[in-house]
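Trainee: One structure is given below, represented as structure tokens, and several questions about it will come after.
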Amino acid sequence: MMKKSDILSKVLGLRFGYNMEELKRFVTDSVRWDKEQWEVYHNKLISDVVIHAYKHVPYYHDLFDNNGINPHSIKSENDLQNIPVTRKKDILNNPQSFMADNANTFHPMKHHTGGTTGRPMFYYNDRKSWALNWALKMYTFEQAGFHFGVDKLAVMAGGSLIPGKSSGMKHKVWRWVNNYYTMPISHLSPQVMDEYIDGLIKNKIQFLRGYPSAVSSFAEYIVYSNRFVPLKAVFTTAEMLYPHQRAIIKVAFGCDTWDTYGCGDGMGQAVDCKTHDKMHVFEQVSIMQIVNNKGYEVMPGEEGEVVLTSLYDYAMPFIRYAPGDYALKGIGACSCECTSKTINKIIGRTSDVFRFSNGRIVNGLSFPIEELTDEVKRFQIVQVESDVVEVLLEEKSTLSKERIEKLKRIVGYHCGEGVNVVVKVVDRIEVPTSEKFRYVVSRV
Ligand SMILES: [Zn+2]
């Protein structure tokens with residue numbers, strides 16, 4: 001009989017049309033490349049995708065012409081700095097202008113940005129880009145001792161307990177092949193967390209993945225109830241991981257946290273080094289630049305905005321794209337064998353956790369707002385009083401009464417009894433100029 005790990009490789013191979021084993025070998029080799037090997041690899045891919053974008057993508061054609069940029073002059077990472085930065089709002093204003101006129105030839109897969117950005121957006125990834133991204137993901141997990149299809153992974157996820165949302169066959173198969181044990185974060189009451197603790201122990205689970213705010217709430221509960229759940233590794237994603245969260249996770253589970261940064265729109269990926277004092281950027285699939293407000297790379301040790309150039313996305317190219325994240329640029333080479341660029345940490349994408357008098361701890365990331373991607377420009381969820389939650393929406397198109405009622409029901413279901421949910425459609429969600437946009441805010 002085939003092992004689950006072989007099935008996973010086959011499934012991924014069929015899904016993406018690439019040999020996953022080969023891609024994994026490529027990843028394993030490339031982490032040790034020297035500077036010259038990286039340059040040769042990057043220069044060719046940068047040049048190819050820039051010329052393609054100029055020829056086939058209306059937005060980039062106009063951007064280059066309007067700024068007097070000859071696409072043939074962009075031949076290296078350094079040259080990329082001459083291209084103005086493109087933002088999410090540019091894409092949301094005119095998504096069609098970002099699609100290549102020959103997009104179908106790249107068999108793109110449609111995705112949307114997660115709930116963490118406050119501004120949902122559809123985008124496309126080429127199959128090759130996504131497959132390589134998966135190979136990088138597998139490599140990362142293996143670094144922490146986790147093997148796909150062999151080890152079990154508990155996932156502290158959002159949205160999967162949404163009433164009326166059926167769990168499709170495809171997802172069930174995916175969970176089985178991946179050995180996922182899901183721990184929805186929408187109802188983190190003491191009773192639910194007790195069940196999760198029992199579930200982890202009974203199922204002999206040694207790896208946990210989730211949002212820092214959710215995993216650290218769980219860890220706090222374990223520590224304060226005088227228990228210990230030994231794990232081999234915790235993976236965090238999608239939000240900023242604070243040092244105090246890393247510390248409490250270590251106490252509760254006795255293991256290190258592998259913080260990961262992933263951004264499908266632009267294919268940015270960075271992962272904790274095994275030394276856990278910085279993150280390595282995966283430059284195989286995307287170029288990550290940390291830039292100042294003029295678009296130029298900051299000095300090592302300085303903070304700047306993340307700007308991505310995806311190397312294998314041709315259906316919808318991302319060239320010098322800023323997803324809205326900030327990072328501290330790393331200083332010097334890493335003490336490990338990896339030669340890729342480093343960042344010291346990702347700053348931003350923080351969210352608050354709501355605590356209600358009914359005992360529930362609700363993670364803002366569990367609200368299924370991405371369902372409204374077509375209708376909502378931007379959203380914010382605010383706990384205004386101990387048992388009052390406001391959902392602010394900037395509409396794209398007018399939301400029907402039924403839609404708003406449904407949203408109110410879903411958010412109410414997550415918050416539990418006794419919590420009053422108010423949905424407000426507003427012209428503009430006010431953001432204090434000194435702060436980054438936060439999609440989940442507790443004022444309590
Ligand atoms: Zn390292």
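The values are calculated or read from the model by the stated rules, or taken from the named source; none is laboratory data. Treat the numbers as computed from the prediction; the structure is a model and nothing was measured. Note: ideal-geometry Cβ built from the backbone for every residue, glycine included; neighbour counts use all protein chains shown.
Trainee: Can we say residue 401 is modelled with pLDDT of 85 or more and among the basic types (Lys, Arg)?
Mentor: Spelling it out, residue 401 is indeed modelled with pLDDT of 85 or more and among the basic types (Lys, Arg).
Trainee: If you scan the stretch 278-301, which residues turn out to be over 21 Å from residue 49 (Cα atoms) and in contact with a Lys or Arg (Cβ under 6 Å, 6 or more places away or on another chain)?
Mentor: 298, 300
Trainee: Of all residues in the stretch 21-68, how many are of a type in the set (A, V, I, L, M, F, W, C) and outside any helix (DSSP H, G or I)?
Mentor: Selection size over the stretch 21-68: 3.
Trainee: Now, a different point. It is to be established whether one or more residues within the stretch 270-279 are away from the ligand (no atom under 16 Å from the Cβ) and either touching a helix residue (DSSP H, G or I) at 6+ places or on another chain (Cβ under 9 Å) or modelled with pLDDT of 95 or more (or both).
Mentor: No, that holds for no residue.
Trainee: Here's something else I'd like to know. Suppose we filter 230, 300 for residues that are assigned to a loop (DSSP other than H, G, I, E, B), surrounded by fewer than 24 Cβ atoms within 10 Å (Cβ to Cβ) and at pLDDT below 95; which single one remains?
Mentor: One residue alone meets the criteria, 300.
Trainee: As an exercise: evaluate residue 264 against (1) under 23 Å from residue 26 (Cβ atoms); (2) within 15 Å of the ligand (Cβ to nearest atom); (3) touching a helix residue (DSSP H, G or I) at 6+ places or on another chain (Cβ under 9 Å) and give the number of the one condition it does not meet.
Mentor: For residue 264, the exception is condition (2).
Trainee: Right, next: So which pairs qualify, if the first residue must be in the stretch 129-149 and at positive phi, the second must be modelled with pLDDT of 90 or more, the Cβ gap must be under 7 Å, and the two must be at least 6 apart or on different chains?
Mentor: Partner pairs satisfying both residue conditions: 145/232; 145/233.
Trainee: For the structure I just gave you, tell me whether residue 106 is under 30 Å from residue 39 (Cβ atoms), assigned by TED's automatic domain parsing to the domain that holds residue 265 and at pLDDT 95 or above.
Mentor: On the way: under 30 Å from residue 39 (Cβ atoms): yes; assigned by TED's automatic domain parsing to the domain that holds residue 265: yes; at pLDDT 95 or above: no.
No, not satisfied.
Trainee: Okay, next question. Inside the stretch 69-91, can you point out the residues that are surrounded by fewer than 16 Cβ atoms within 10 Å (Cβ to Cβ) and assigned to a helix (DSSP H, G or I)?
Mentor: 72, 73, 78, 79, 89
Trainee: Residues of the stretch 325-343 being away from the ligand (no atom under 13 Å from the Cβ) and crowded, with 20+ Cβ neighbours inside 10 Å, which ones?
Mentor: Result: 325, 327, 328, 329.
Trainee: Would you check if there is a residue in the stretch 35-47 being surrounded by fewer than 13 Cβ atoms within 10 Å (Cβ to Cβ) and of a type outside the set (D, E, K, R)?
Mentor: Applying the first criterion (surrounded by fewer than 13 Cβ atoms within 10 Å (Cβ to Cβ)) to the stretch 35-47 yields 35-36, 40, 44.
Imposing the further condition that a residue be of a type outside the set (D, E, K, R) reduces the set to 40.
Yes, the stretch 35-47 has at least one match.
Trainee: Does residue 288 fit the bill of being within 16 Å of the ligand (Cβ to nearest atom), among the hydrophobic types (A, V, I, L, M, F, W, C) and in contact with a Cys (Cβ under 7 Å, 6 or more places away or on another chain)? Working first, answer last.
Mentor: Values: within 16 Å of the ligand (Cβ to nearest atom): yes; among the hydrophobic types (A, V, I, L, M, F, W, C): yes; in contact with a Cys (Cβ under 7 Å, 6 or more places away or on another chain): no.
Spelling it out, it is not the case that residue 288 is within 16 Å of the ligand (Cβ to nearest atom), among the hydrophobic types (A, V, I, L, M, F, W, C) and in contact with a Cys (Cβ under 7 Å, 6 or more places away or on another chain).
Trainee: While we're on this one: Can you name the condition, by its number, that residue 221 falls short on among (1) within 16 Å of the ligand (Cβ to nearest atom); (2) surrounded by fewer than 22 Cβ atoms within 10 Å (Cβ to Cβ)?
Mentor: Every condition holds for residue 221 apart from (1).
Trainee: Sticking with this structure for a sec: Can you list residue pairs whose Cβ atoms sit under 9 Å apart, with the first residue in the stretch 58-79 being small (Gly, Ala, Ser) and the second being assigned to a loop (DSSP other than H, G, I, E, B) and surrounded by 15 or more Cβ atoms within 10 Å (Cβ to Cβ)? Count only pairs 6 or more apart in sequence or on different chains.
Mentor: Hits for this filter: 73/82.
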